[in-house]
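These notes are about the structure you will find just below.
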């Protein structure tokens, strides 16, 4: 009857019984903390492995992109690589006059959105800034 006490007996609990209850309470708490620590460590290792795999894929893709030769071009003209075939749905070269490529891309996306057509169905020949 060491750990089985009724409510009136809790007032007169002996010192050995109190020590056992305290030690068991601490053991349960520390066991829970250790389990939580193991779960967090396992999740960390999973995410680190996932990040390494993504970094390796990105490095491999970068090496693949760097290996494609690009033809020399004049400023403001977007030219496809010399040995690569155009992507399906492309409409050739685009000439830019006094327009940054980022601005031209935004203009093309806005026009495609306003027309309600996919961008690959439109053909832009040149874009010139009107001053």
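The values are calculated or read from the model by the stated rules, or taken from the named source; none is laboratory data. Just so we're clear, the structure is a prediction, and the values are computed from it rather than from any experiment. Positions of Cβ are backbone-derived with ideal geometry, glycine not excepted, and every protein chain shown enters the neighbour counts.
Structural remarks
- Only a single item in (1) at pLDDT 75 or above; (2) surrounded by 10 or more Cβ atoms within 10 Å (Cβ to Cβ); (3) out of contact with any helix residue (DSSP H, G or I) (no Cβ under 6 Å at 6 or more places or on another chain) is not met by residue 76, and it is number (1).
- Some residue of the range 65-73 being in a helix (DSSP H, G or I) and either over 30 Å from residue 128 (Cβ atoms) or at pLDDT below 95 (or both): yes
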